[in-house]
1. By how many nm would the segment from B:Ile177 to B:Arg131 grow when fully extended, if each residue of separation counts as 0.36 nm and the alpha-carbon distance is taken off?
2. Just to verify a number: FRET efficiency for B:Met145 and A:Val54, C-beta to C-beta distance, R0 = 41 Å, to 0.05?
3. Sort B:5-16, B:124-135 by the packing proxy (mean of other Cβ within 10 Å over each peptide's residues), most packed first.
4. May I ask you to sort B:Lys158, B:Lys45 by Cβ crowding, counting other Cβ atoms within 10 Å and putting the fewest first?
5. What do you get when you divide the Cα radius of gyration of chain B by 2.2 N^0.38 Å, with N the number of residues?
6. Calculated from DSSP H runs of 4 or more alone, at -39500 (n - 2.57) each and per residue, what is the 222 nm mean residue ellipticity of chain B, nearest 500?
7. State to the nearest 20 debye the size of the charge dipole of chain B about its Cα centre, where the only charges are +1 on K and R beta carbons and -1 on D and E beta carbons.
8. Give me the one-decimal nm value for the distance between modelled label points at A:Ala163 and B:Lys95, 7 Å along each residue's Cα-to-Cβ direction.
Amino acid sequence: MIKKVLGILTVAAIMVSCGNKEQKKEACCDKEMTKVTVEQVMENMQTYVDKDIVIVGTVNHVCSHGGKRMFIMGENPDVAIKIIPNEEMGVFEKELEGSHVIVTGILEELRIDEAYVANLEAELTEGGDNEAVHDHSGGTHEEEAEAENEKKTQIEAMRTQIAESENGYYSQFWIVASKFEVKECDHDHDHDHAEGEEHDHEHDEEHQH
Amino acid sequence: MKLRKLNRNIHRDLGYIFFFLTMIYGLSGIALNHRDNWNPSYIIKQKELSINPEQLTQEKLNKESLIKLTTEYAPGEKYKTHFSPDENTLKIFIKDGNIQIDLQSGQAILETSKRRPVFHQFNFLHYNPIRWWTIIADIYAISLMVLAISGLFILKGKNGIKGRGAWLASLGIVIPIAFLLIFYWKIF
């Protein structure tokens, strides 16, 4: 009996080990797929909303709070977009930071108007979390208090943005990923910058997490 | 009599089936409870570096030079890519983390993060990473309730639910109720 159990456990361990090695990697520059850059998407957000896209970029941050979010940037590091895994995909690992990735997913838009902000405020009062104001705190008490203040500030900022918008709303965008692959490239994909070039790497307010 | 035997068998078999899941959730539960004091999934180390500013002139901020710099200041680490978050800062991504460099002073922080063995895997499951795992977690949660209820009726007599069991079960009810009274309803 013990031998049978050990046998099953050994087979399971081998399967898990093989599964881990099955990393999805793609030879660089696969010409068959139509890919877009982060810059292309950011410049024409509305064109891509609710559409399947394959986007290429470099991971500049993975949320350490469970790996449910990551940001990829383009050649220009000022431009970054948030990626969220879909329910089947699992989470993003911290080791991805600095990797060139190809992400397949759907670009989603969240329109933020006064009704939305009012609901959000009520939700946050009840202790909920929301993608539009998700913070990156590690979860300590001090960080949580700080995050709470940050959320209040963000709500105020949202109201200001709504007031300043022509349509009575503004939008946040992110990609819900169904697949991602790490690109293995030998050639230079680095973000070299000319002397004196300005690099404010704060994400655009509309793409804040 | 038959009902009690069935109850005992259910309790026993669920215990066997969910032994390992209980270990996973128990251990990762403790780990996540103490996030204030440690990162339960990664071992993160930071080291201050002092880089010669002559190695950080604009013409040297290219891949080849930065690979050499990485090898010199973070031996054993592999350069991945780099970018400038702002005009005075350079961030080099390495295999296990990053090096953030102040280009003016040459002061840098080397941060490495490595997966914490066992905890990384258990926390991964605890965070409910994919939909299929949610189903397993739900089955486990229901089974825990069945285990708890069936556990009440394993023994008869003075150590059963009508004797010692009643006192201990009551203690288990009183503790969370007391916390609710104090911290939720704020009665005291």
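Just so you know, all these numbers are worked out from the coordinates, no wet-lab data involved. Nothing here was measured: the structure is a model prediction, and the numbers come from that model. Here the Cβ is made from the backbone with ideal geometry for all residues, glycine too, and neighbour counts use every protein chain on show.
1. Details: separation 46, 0.36 × 46 = 16.56 nm, distance 3.27 nm.
Computed gain between B:Ile177 and B:Arg131 is 13.3 nm.
2. Values: r = 44 Å, r/R0 = 1.08.
The value I calculate is 0.40.
3. Working: B:5-16: 13.3, B:124-135: 15.4.
Most protected by this proxy first, the peptides run B:124-135, B:5-16.
4. Details: B:Lys158 9, B:Lys45 12.
Final ranking by Cβ density, sparse to dense: B:Lys158, B:Lys45.
5. Working: Rg = 27.2 Å, N = 188, 2.2 N^0.38 = 16.1 Å.
So the Cα radius of gyration is 1.69 times the expected 2.2 N^0.38 Å.
6. Numbers: 6 runs with 88 residues, N = 188.
After summing the helix terms and dividing by the residues of chain B, the value is -15000 deg cm²/dmol.
7. Details: 24 positive and 14 negative charges, 396 e Å.
I would put it at about 1900 debye.
8. 5.4
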